[in-house]
1. Can you tell which of A:ALA218, A:ALA203, A:ALA176 is surrounded by 18 or more Cβ atoms within 10 Å (Cβ to Cβ) and not polar (S, T, N, Q)?
2. Exactly one of (1) at pLDDT 90 or above; (2) more than 30 Å from B:LYS185 (Cβ to Cβ); (3) among the polar types (S, T, N, Q) is unmet by B:THR86. Its number?
3. So in region A:23-57, with the set limited to residues that are in contact with an Asp or Glu (Cβ under 7 Å, 6 or more places away or on another chain) and more than 21 Å from A:LEU211 (Cβ to Cβ), which one is farthest from the other protein chains (Cβ to nearest Cβ)?
4. Given the residues B:GLU192, B:GLU184, which is the only one that is more than 14 Å from chain A (Cβ to nearest Cβ) and acidic (Asp, Glu)?
5. Looking at A:PRO158, A:PRO150, which one is closer than 21 Å to A:VAL188 by Cα and away from every other protein chain (no Cβ under 12 Å)?
6. Considering region A:77-109 alone, what residues qualify as being facing another protein chain (nearest Cβ under 7 Å) and in a helix (DSSP H, G or I)?
7. Look through region A:60-73, keep the residues that are under 19 Å from A:ARG149 (Cβ atoms) and surrounded by fewer than 17 Cβ atoms within 10 Å (Cβ to Cβ), and return whichever of them is nearest to the other protein chains (Cβ to nearest Cβ).
8. Listed residues A:ARG26, A:ARG45; which is among the charged types (D, E, K, R), in the same structural domain as A:ILE132 (by TED's automatic domain parsing) and assigned to a loop (DSSP other than H, G, I, E, B)?
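The values are calculated or read from the model by the stated rules, or taken from the named source; none is laboratory data. The model shown is predicted, which means the values in this text are computed figures rather than measured ones. Cβ sites come from the backbone with ideal geometry, for glycine too, and all protein chains shown count toward neighbours.
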Amino acid sequence: MPLELKSLSKDFGGFRLSPLDLKIERGEFFCLLGPSGCGKTTALRLMGGFETATSGSLFLKGSDITKLPPHKRNIHTVFQRYALFPHLNVFENVAFSLRLKKRPLSEIQERVKEALKLVEIENLATRKTNQISGGQSQRVALARAIVDRPDVLLLDEPLSALDPALRTKMREELKAICKKVQLTFVMVTHDQEEALQLSDRMAVMKDGICLQVGTPKAIYEDPVDSFVARFIGPVNEIKGEIVEEVEGVHAVQSLCGTFKVKKNGVALPKHISLLLRPEKMRILRTKANVHDNLIEGQIQELSYLGSRTEYTVKTKDNAFKVFEQELERQKKRSLNPGDKVFMTWRSEDSIVLPER
Amino acid sequence: MSYLKDKSDSLQTAAKTIPASAWFFMSWLVLMTLIPFFIIVGMSFLERTEFGNIRFHFNFDNYLVTFNVVYLKVLLKTLWLALIATASCLVVGFPVAYYLAKQAGPMKQMGLILLFIPFWTNFILRIYGIVSLLGNNGLLNQMLLHYQIVDSPVRILYTRVGVYIGLIYNYLPFLVVPVYSALEKLDPTLREASFDLGAGRIQTFFKVVIPNIKEGVFVGSLFVFIPMLGEYVIPDLLGGAKEAFLGKVMVDQFFTMQNWPLGSAMATLLSVIMLFALILQNRWKKNSGEAHAA
């Protein structure tokens, strides 16, 4: 267990990070996901030692490091703005921690070269930090943090300073690099796609409270509340009341009709919110190939996005977002705003939460 | 040669880009600084008559006199004094700058204002203020005697220590401000990154903070070192006119000995030394500047 947080909290007076319990496994890529001001950065700074905890404790490989200053923790950070040392060149930036440890020169050269090779910037070793691009700075910061193999590597919104095109590319590379170095990573991000793509597990936070910890799939498919469900991806919501249950299939009565929901072995409250992901609903031109649930509506708006088309469909008392994959759309008649359509989904594809 | 060529090119472009509003200041500089400077340089090659007048006879005699052992010793002593005083300013001023840069909000403004408040008072008055503090019957000695820390007054006034105290007191802000602004500009996450990578406070200070503010420290040091070289009021009033410093010797040549050509030669020599210091600084700045620009 490389890193364990036991009721770790921080009180800034105005802002409070509620006691946080997390166990981060060896070799895991863990994400702290949440909107700004949710306490994710505070949690990361507590792990790095840049803030002192108000209460609780922090264990690194079994030993208590709660009160240890940053330089005595074998944890390194990739800072949001990289914080490369401007007075040193790329090589010396990466070599910084090894030089502090007074390693022999041959070892330093070898390991720095190895780290630079890993992030594919061997050719930049002699450059000044102001002679390289943002993406390259990102790589230097990463190389600098992994060169002496810390127990845990912290990443503070590492991709947010890059422009969007580069961000997507770096995300893939970051994933590949992490697989190669096999360290334990903790990353802070407010970008749910980033968290979904990179993490093995993640914690979703809001207002200083950790709402849910789980794998990307578990968080996406089985969120604990409507905030988590909405933060991780778009959803449609139907409020309703369970009127009957037959072998795990519940009938939910709502203003726009009665729907079937399949939930096995879970006790559900009477009043519920039915959450539907736009990609789990299909849009139909005619009433054919219907799944368990059907709802009628009229197209209000549509956006063609290349890989998929996003529709906003108006029903009697609600509006739904539905995605249609391009391959599927091509097979069918094109739709225009105003067209009458049907939406359908399977009874097991909805998320059920107690009504707020 | 190429260096000179670069210089003249950059001077030409500089002249073209001077905004209209700056012309007043530029003409002022030329009229009140540059022209008098060349008059001094010119005069250093002339001759003094027995009655203290100036004879237009081109010669190098004044420089030969200046390179006399006695005057060279004065020059060296002055350089040494200025060096020690600059170093002391650094020792005293650096923590002040560091403290101010770390403060946030009103304390910062307050500190900076306090630093400059003495400058609202006339320079000579401030020095006399120090005289009254450090003298045998001064506040400091009275306190020391009162609390029986010493039996007889400590002699500070009219010693070298008195001169240092005066110099440090007067020049400190000129060092603090450049160092402060360099520290202010330093990205605080650099220090965090340094801690993060395993450096303690002291290592961070020497390996990250100092290398990134050294230009500010150097500029601040020059700001105090150069005027100290020509300083004569402080050594005169606080040193008791016992010791001959270059500034004092020069002033004496002009106003007591009525030997303007010799005084001019000394002044020219001092200016050359200062010029070297400035060129050195410029070179340094240019080197780091190139690295930044690329």
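1. Answer to the selection: A:ALA203.
2. B:THR86 satisfies every listed condition except (2).
3. A:SER57
4. That would be B:GLU184, the only listed residue that is more than 14 Å from chain A (Cβ to nearest Cβ) and acidic (Asp, Glu).
5. Details: A:PRO150 fails: away from every other protein chain (no Cβ under 12 Å).
Matching residue, one of A:PRO158, A:PRO150: A:PRO158.
6. Scanning region A:77-109 gives A:PHE96, A:SER97, A:LEU100.
7. A:LYS72
8. A:ARG26
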